[in-house]
Amino acid sequence: MSLKKLLLLLVIIALFISVFAFDLTQYLSLDVLKEKQQQLNQLFAAHPFKVFAIYFAIYVISTALSLPGATVLTLGAGAILGFGWGLLLASFAASVGAFLSFLSARFILRDWVQAKFGERLDAINRGIERDGAFYLLSLRLVPLFPFFVINLVMGLTPIKAWTYYWVSQVGMLLGAAVYINAGTQLAQISSPGDVVSADLIGAFVLLGIMPIIAKFILSIVKRRKAFKGYQKPKLFDNNMVVIGAGSAGLVSAYIAAAVKAKVTLIERDKMGGDCLNTGCVPSKALLHVANVAHQARQSEHLGVKADNVQVDFKQVMQQVQDVIGKIEPHDSVERYEQLGVNVELGEARIVSPWEVEITQNGETKTITTRAIMVATGARPLVPEFEGLGNIDYLTSDNLWSLQELPERLVVLGGGPIGCELSQAFQRLGSQVTLVEMANRILGPEDQDSAELLTKQLQNDGIDLRTGHKAKRFEQRDGENILVAEHNGKEQQIPFDRVLIALGRQANVSGFGLEELGVEADRTINTNELLQTNYPNIYACGDVVGPYQFTHVASHQAWYAAVNALFDPLKTFRVDYSVIPWVTYTSPQVANVGLTEQQAQQQNKAYEVTTYDIGELDRAIADDNAYGRVKVLTVPGKDKILGVNIVGPSAGELLAEYVLAMKHGIGLNKILGTIHSYPTLAEANKYVAGEWKRANAPQSLLNWVEKFHRWRRS
Ligand SMILES: Cc1cc2nc3c(=O)[nH]c(=O)nc-3n(C[C@H](O)[C@H](O)[C@H](O)COP(=O)(O)OP(=O)(O)OC[C@H]3O[C@@H](n4cnc5c(N)ncnc54)[C@H](O)[C@@H]3O)c2cc1C
C-alpha cells in the first residue's frame, strides 16, 4: 500500500476512533434532538446561514466516516430547517458524504481488491460497467441496505464517480423526503423506527426494483422496435438459417442439427471457409513441407547428407491441395446433409429479420426462419497504398494458386500470418523481406517470445525490417519496388512478389445487414449472448471478433447457436476467460492468459517462472533445444495467470495449461503429475518445479535441516 493511501487510512481510523472515544455519537440521538429542538430552532432563527453550514459539515463528516446517526440528522433537518431547506441540505450533504466515503474506499482499496480478486469479480465488473446506475438506484431506494455499506462497496467497483454521485443524489431524495417530513412532526416520533412502517418499507422495495423492471421492459420495447415495419411469418421453414460454412457456420449448423432443430446452411464459395481452403490448413501444410526442406538442408551436422536439396514448388502446392482434399470430407455438403443439415450452395441475403434470400445459378428463392446466424467471416485487409493497383499482389486468398516460387518475396505485416508465411517461403527457397511498421513482430505477444522468434527468423535468412512503414509501390525499369519509411527516411525494397498480410476485415456488408440496420462497426456489434440489435439475429466467428481464430469461431458458435435456438428459455453468456493461440513458426509461439506486458498494463501483481527448453532432454535429443516456458502466477500462490511458450511443439505443450487455467489447477498439481520421459511436455513439470523451488517454505526447511542434523548426531 502506498504511503498516501496508508496516511489517508490512518486519518480515517483516527477520526473514527476519536468520535467514539469522545462519545460524540451521543449527540446524534433522537432524545437529544427532541430535548434541544427548541434551542436549535432559536439558533436557526438567529443565525440561519451558520446553522446551514454547521449542519451541512456535520452531516457530510458523519456520512463520510460511516458513523451511525444519519437518520437522526435527517429528522433534525425537518425539525429545525423545515421541509424545503431540510430536504435540499440533507440530500446534498448525504450525497457529498457518501461520495467522499466512496472515493476513500476507491482510493485506498480498489486496486488491491481488483488485483486480488479481479478474475472472480470479472462478471460483477462487467455488470456494473453495463448497468451500474440501475443497480445503484435500486440499492439507494430500498432502505434495507445500510447506506455506508453501499458507499464502501461501490467504491471498489468500476462505476464512474460522476454516475455514482448523481444516482446517489436522485436515489436518496425520496427516502430523505420521508424522514424530513417526519422530522417536521418530531414530537410524534418516539423512535426512528416509527418513521417507516412495514407498508412503507414494502413500497420502497417496490420502488427500488422499479428501475430493474423498467430496464427489462425497455429491452422488450427495444426488441419490438427493431422488428417494426416487418411482417412476421405465421409459420417458419427453419428454426435457424446459417450464412457461411466456415468454422463458425459449420459448428452452428452442427449444433442445431444435433438438438433436432431444422437448419439451413448457406455457402456461396467453398465449404469449410477460410480455415480449410485459404487459412489454417494450407498454411500449416506449406509450413510442414518448408520445414522438411529446412531440416534436409540442416542435417549434415547430424551425419545425414542430403546434397543439393531441391524444392519443386508446383509439387509443394499440389501437396497443399492434397492435404485440403483429405480434410475436405469433414466439412462437405454430404457430411452435413447426413447430420441433418439442409445445405444450400449460393449467395445469401437477409431481406427481413425472418427471411433469407438464396441466389443459386441466377435463380433466387426465399426461405423463412425463426433465427438467423451470421457467420460470414473475414477477408484479407488490403489498405489503399499508392501504386498497389499496378501490382499483382498476393493475399492469403489467392496465394494458394501460385505456381512459381517467387525469388524475392516481400511480406507486409509481422503478425502471425505474416511470420508463418515468411518462414515458409524462406525455407522453400525465396529470399523473404518481412516489413513491419511496429518496432517488433507479433504485436500482442509476450515481448521476449517475439524476440526469441525474431532471432530464429533472422537465422533462417529472412531480412526482417521492423520499424518500416510501407508508403507506396513503384515500378521502375520493369522492377517492383516497395517504398517504406524508416527513421524518417525512405527506403526502397525491390521484389518479385508481395504478400499483403496486414490483418483481416470482417464481411459485414453486401448481404442485407446495412439495409436492415444491424449494428456493425468494423465487426458486427453483439451482446454477450452474441445477439445483434435484432434479438433473433446472432453472429459468430471472424465477423464478430475479437479473436479471429478457428477455435474461437467454433467456441462462439456453440453459444450463439444454443442462444438462438433456446432464447428466452435458456441462454449462455460467451466465455472468453481462457483463450489460447499459437503461431506455428519454428519455434512455435504459444500463449494463454496474460502476457507480462498485459499484467503490467492491468496493474496485476505477478510472479514469473521460466524454464529453458535448451536444457530439456527430449529437445536436445531432437536437436531442437531452443525456447522457454514462461509462467505468470499470483505472487506466493501457484494459480496460473498466463503462460507463454516458445519452442518445438509449443502449441501442444500449451494444452496442459489451458486445461489447468480453465479448471483452476495450479502449478503444484502439474508438478505432482507424472509426465512421460523423455517428452517435450516434461518442460511443463520442470517449470512447475522451478516455481516450487522459488516458493519453498524457507523457515520450515531450516527446521527440517536441524531435524536431520539432530538425527545424525
Ligand atoms: C493464412 C491464415 C492462417 C490461419 N491460421 C490459423 C490457425 O492456424 N489457427 C487458427 O485458429 N486460425 C487461423 N486462421 C484464422 C481462421 O482461418 C479464421 O479465424 C476462421 O476461418 C474463421 O472462421 P469463420 O467461420 O468465422 O469465417 P470463414 O472461415 O471466413 O467462413 C465464412 C464463410 O462465409 C461465406 N459467406 C460470406 N458471405 C456469404 C454470403 N452472403 N452468402 C453465403 N456465404 C457467405 C464465405 O464464403 C466463407 O466460406 C488463419 C487465417 C489465415 C488467413
How would you rank Met210, Met373, going from fewest to most other Cβ atoms within 10 Å of each one's own Cβ?
Met210, Met373
If one takes the longest principal axis of the Cα atoms in the chain, at what angle in degrees, from 0 to 90 and to the nearest 10, does the Cα axis of helix 447-460 lie?
10 degrees
If you build the Cα gyration tensor of the stretch 299-442 and take the root of 5 times each eigenvalue, what three semi-axes come out, in whole angstrom, biggest first?
40, 23, 15
Label-point separation (nm) for Gln37 and Glu300, each offset 7 Å from Cα along Cα-to-Cβ?
10.5 nm
Cα lying deepest toward the dipole's positive end in the stretch 602-713, options Asn702, Leu616, Ala683, charges on Cβ
Asn702
Alpha-carbon gyration tensor eigenvalues x 5, square-rooted, for the stretch 1-118, Å:
32, 15, 11
Which translational diffusion coefficient, to the nearest whole µm²/s, is obtained for the stretch 128-172 from the Stokes-Einstein equation, given a Kirkwood hydrodynamic radius over C-alpha pairs, 25 °C and 0.890 mPa s?
239 µm²/s
Taking 12-20, 27-35, 587-595 and ranking on average Cβ neighbours within 10 Å, highest first, one gets 587-595, 27-35, 12-20
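For Thr364 and Val704, FRET efficiency with R0 = 60 Å and r from the beta-carbon atoms, rounded to 0.05?
Rounded to the nearest 0.05, the efficiency is 0.15.
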Using 1/(1 + (r/R0)^6) with R0 = 35 angstrom and r between the beta carbons of Thr184 and Val11, what's the FRET efficiency to the nearest 0.05?
0.45
Which semi-axes, in whole Å and largest first, does the equivalent ellipsoid of the chain have when worked out from the alpha carbon gyration tensor as the square roots of 5 times its eigenvalues?
60, 37, 24
Lysine pairs in the stretch 599-698 with Cα distance under 14 Å, only those 8 or more apart or on different chains: how many are there?
11
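Could you rank the peptides 475-486, 172-183 by their average count of other C-beta atoms within 10 Å per residue, with the highest value first?
172-183, 475-486
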How far apart, in nm, are the 7 Å Cα→Cβ label points at Lys570 and Leu659?
2.6 nm
Using θ = phi - 60° and Karplus 6.51 cos²θ - 1.76 cosθ + 1.60, couplings along the stretch 219-233 (whole Hz; Gly, Pro as x)
5, 5, 4, 4, 4, 5, 4, 4, 8, 4, x, 10, 8, 6, x
With viscosity set to 1.306 mPa s at 10 °C, what whole-number translational diffusion coefficient in µm²/s follows for the stretch 64-153 from Stokes-Einstein and a Kirkwood radius over Cα pairs?
107 µm²/s
Taking a ≥ b ≥ c as the square roots of the Cα gyration tensor eigenvalues, with a/c under 1.5 meaning rounded and otherwise prolate when a/b beats b/c, else oblate, which class fits the stretch 412-544?
prolate
Residues of type lysines that Lys50 reaches as a straight line, Cα spacing below 26 Å, ignoring anything fewer than 8 places off in the same chain
Lys34, Lys36
I need the calculated FRET efficiency for the pair Ala696 and Arg126, taking r as the beta carbon distance and R₀ as 41 Å, to the nearest 0.05.
0.60
Take the alpha carbon atoms of the stretch 399-477, find their radius of gyration, then divide it by 2.2 N^0.38 Å using N residues; give the quotient.
1.11
Longest to shortest principal axis, alpha-carbon extents of the stretch 545-645, angstrom:
55, 33, 21
When a/c reaches 1.5 or more, the comparison of a/b and b/c decides; with that in mind, is the stretch 446-512 rounded, prolate or oblate per its Cα gyration tensor?
oblate
Please give the helix 650-662 orientation as an angle from the longest Cα principal axis of the chain, in degrees from 0 to 90, rounded to the nearest 10.
20 degrees
Gain upon complete extension [Phe22, His551; 0.36 nm per residue less C-alpha separation]:
184.0 nm
Using only Cα atoms and rounding to the nearest 10 degrees, what angle (0 to 90) does helix 550-566 make with the longest principal axis of the chain?
50 degrees
Go through 324-333, 39-48 and give me the packing order, highest mean Cβ count within 10 Å leading.
324-333, 39-48
Sort His301, His708 so that the residue with the fewest other Cβ atoms within 10 Å of its own Cβ comes first and the one with the most comes last.
His301, His708
Using 0.36 nm per residue, how much length does the chain from Glu490 to Lys50 gain when fully extended, once their Cα-Cα distance is taken away?
151.2 nm
Starting from the Cα of Lys5, draw a straight line to each of the aspartates and glutamates and keep only those under 18 Å, dropping any in the same chain fewer than 8 residues away.
Asp111
Computed on Cα atoms, the radius of gyration and Dmax of the stretch 586-713 in angstrom are 16.4, 56
Under the 7 Å Cα-to-Cβ spin-label approximation, Gln315 and His288 lie apart by a distance in nanometres of 1.7 nm
Global form of the stretch 482-623, assessed from the alpha-carbon gyration tensor, a/c cut-off 1.5
oblate
Lys and Arg at +1, Asp and Glu at -1: neighbours of Arg472 with Cβ under 15 Å from its Cβ sum to -2
Taking the alpha-carbon distance from Lys234 and a cut-off under 25 Å, which lysines remain once sequence neighbours fewer than 8 residues away in the same chain are dropped?
Lys222, Lys225, Lys260, Lys262, Lys365, Lys570
Hey, what number do you get for the chain at 222 nm if only DSSP H runs of n ≥ 4 count, each worth -39500 (n - 2.57), divided across all residues, to the nearest 500?
-15500 deg cm²/dmol
So what is the relative contact order of the stretch 383-479, in percent, for Cα pairs below 8 Å that sit 6 or more residues apart?
32 percent
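None of the figures in this text is laboratory data; all of them are computed from the coordinates on show. None of these values were measured; they are calculated from a predicted model. Positions of Cβ are generated from backbone atoms using ideal geometry, with glycine treated the same way; all protein chains shown enter the neighbour counts.
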